[in-house]
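Enquirer: Here you go, one structure.
The values are calculated or read from the model by the stated rules, or taken from the named source; none is laboratory data. All of these numbers come straight from a predicted model, not from anything done at the bench. Heads up, the Cβs are rebuilt from the backbone with ideal geometry, glycines too, and the neighbour counts pull from every protein chain shown.
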């Protein structure tokens, strides 16, 4: 099994200035834009859930290196939530998108999850969600032109998020292995995370497209199909890494992709309001 996180985890407070956002900011495609908007809508409360799940075990960790990585993970996730919250609010204010009800749904769903699932189940769910976000981040970094050439700050924000998801991709996993390590609980958490991720994202995307009257925008739908299946292949190209998670001896850093983030780490540094090495 690979060792714990082999790179520094930096807590960056980016504080993006959000400009006027085009309604269909992802290359004019309503379907892809609303997929990305749906993702952004899930992030703030999802990140808070992940923080809660990991923090439950902070007092049980004796390894000072892992403890420092947990605290950096918490700092990064808190900042992701803050920036996406501001982005979501801009979509509400500028375009009157019905995100308030969807954010409320996320809050209720995650509040229910805290009551319904034990702390170890919450941590297993978090491990699953973190693997999902890590492999999506890796895809964005491998095919960076899909995101980084977007106008204004949208590409910058999503690439920053992808960099930090890569930096801390094994922290929740390592905490789980340290305090529990139950293989069947881990894979069950991944299966549940997959179901909830797909259900919530597709549900939100559908609702936003219906609100805009874009469900019959077939050109947009075909462009979105290309986005999911071909380039970048958000659905198809992650399958090998997704399935890899189900191996008993799996560890996130067996796929060592730190080289993909090196140039972005250098580019992010001048824009940080604050940074602290783990």
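Enquirer: Output the qualifying pairs, or none if there are none: Cβ atoms under 6 angstrom, residues six or more apart or on different chains, first residue in region 1-13 and over 27 Å from residue 244 (Cα atoms), second residue modelled with pLDDT of 90 or more.
Expert: Every condition considered, the pairs that remain are 11/72; 11/75; 11/76; 13/79.
Enquirer: For residue 87, indicate whether it is under 14 Å from residue 43 (Cβ atoms), under 12 Å from the mean Cα position of the chain (by Cα) and either in a helix (DSSP H, G or I) or free of Cβ contacts under 8 Å to residues at least 60 places away in the same chain (or both).
Expert: no
Enquirer: Can you name the condition, by its number, that residue 176 falls short on among (1) without any contact (Cβ under 8 Å) to a residue 60 or more places away in the chain; (2) in contact with a helix residue (DSSP H, G or I) (Cβ under 6 Å, 6 or more places away or on another chain); (3) assigned to a loop (DSSP other than H, G, I, E, B)?
Expert: With respect to (1) without any contact (Cβ under 8 Å) to a residue 60 or more places away in the chain; (2) in contact with a helix residue (DSSP H, G or I) (Cβ under 6 Å, 6 or more places away or on another chain); (3) assigned to a loop (DSSP other than H, G, I, E, B), residue 176 is out only on (3).
Enquirer: Hey, residue 209 hits all of (1) touching a helix residue (DSSP H, G or I) at 6+ places or on another chain (Cβ under 6 Å); (2) modelled with pLDDT of 95 or more; (3) surrounded by fewer than 21 Cβ atoms within 10 Å (Cβ to Cβ); (4) farther than 26 Å from residue 9 by Cα but one; which does it fall short on?
Expert: (3)
Enquirer: Say whether the condition of being within 16 Å of the chain's Cα centre (by Cα), under 16 Å from residue 49 (Cβ atoms), surrounded by 23 or more Cβ atoms within 10 Å (Cβ to Cβ) and modelled with pLDDT of 95 or more is met by at least one residue in region 190-206.
Expert: No, region 190-206 contains no residue that is within 16 Å of the chain's Cα centre (by Cα), under 16 Å from residue 49 (Cβ atoms), surrounded by 23 or more Cβ atoms within 10 Å (Cβ to Cβ) and modelled with pLDDT of 95 or more.
Enquirer: Out of 116, 186, report the one residue that is loosely packed, with under 15 Cβ neighbours inside 10 Å and farther than 19 Å from residue 262 by Cβ. Step through it out loud before you land on a result.
Expert: Working: 186 fails: loosely packed, with under 15 Cβ neighbours inside 10 Å.
The conditions single out 116.
Enquirer: Could you please give the count of residues in region 138-163 that are over 14 Å from the mean Cα position of the chain (by Cα), assigned to a helix (DSSP H, G or I) and either surrounded by fewer than 18 Cβ atoms within 10 Å (Cβ to Cβ) or in contact (Cβ under 8 Å) with a residue 12 or more places away in the chain (or both)?
Expert: First pass over region 138-163, keeping only residues over 14 Å from the mean Cα position of the chain (by Cα): 142-156.
Next, only the ones that are assigned to a helix (DSSP H, G or I) stay: 142, 145-148, 154-156.
Going one step further and asking which of them are either surrounded by fewer than 18 Cβ atoms within 10 Å (Cβ to Cβ) or in contact (Cβ under 8 Å) with a residue 12 or more places away in the chain (or both), we end up with 142, 145-148, 154, 156.
So the answer is 7.
Enquirer: I would also like to ask the following. Any idea which residue in region 14-36 is surrounded by the most Cβ atoms within 10 Å (Cβ to Cβ), counting only those that are touching a residue at least 12 places away in the same chain (Cβ under 8 Å) and within 17 Å of the chain's Cα centre (by Cα)?
Expert: For region 14-36, the residue satisfying everything is 34.
Enquirer: Is it the case that some residue within region 245-262 is surrounded by 12 or more Cβ atoms within 10 Å (Cβ to Cβ), out of contact with any helix residue (DSSP H, G or I) (no Cβ under 6 Å at 6 or more places or on another chain), in a helix (DSSP H, G or I) and free of Cβ contacts under 8 Å to residues at least 40 places away in the same chain?
Expert: Checked region 245-262: no residue is surrounded by 12 or more Cβ atoms within 10 Å (Cβ to Cβ), out of contact with any helix residue (DSSP H, G or I) (no Cβ under 6 Å at 6 or more places or on another chain), in a helix (DSSP H, G or I) and free of Cβ contacts under 8 Å to residues at least 40 places away in the same chain.
Enquirer: Mind checking which residues of region 98-108 are under 14 Å from residue 50 (Cα atoms) and surrounded by fewer than 17 Cβ atoms within 10 Å (Cβ to Cβ)?
Expert: Answer for region 98-108, where residues must be under 14 Å from residue 50 (Cα atoms) and surrounded by fewer than 17 Cβ atoms within 10 Å (Cβ to Cβ): just 107.
Enquirer: Among the residues of region 56-70, write down those that are more than 18 Å from the chain's Cα centre (by Cα) and in a helix (DSSP H, G or I).
Expert: Listed by number, the residues that qualify are 58, 59, 60, 64, 65, 66, 67, 68.
Here is a yes/no grid of residues against (1) closer than 25 Å to residue 268 by Cβ; (2) part of a loop (DSSP other than H, G, I, E, B); (3) modelled with pLDDT of 90 or more:
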{"position": "6", "(1), (2), (3)": "yes, yes, yes"}
{"position": "10", "(1), (2), (3)": "yes, yes, yes"}
{"position": "13", "(1), (2), (3)": "yes, yes, no"}
{"position": "21", "(1), (2), (3)": "yes, yes, yes"}
{"position": "33", "(1), (2), (3)": "yes, no, yes"}
{"position": "37", "(1), (2), (3)": "yes, no, yes"}
{"position": "43", "(1), (2), (3)": "yes, no, yes"}
{"position": "47", "(1), (2), (3)": "yes, no, yes"}
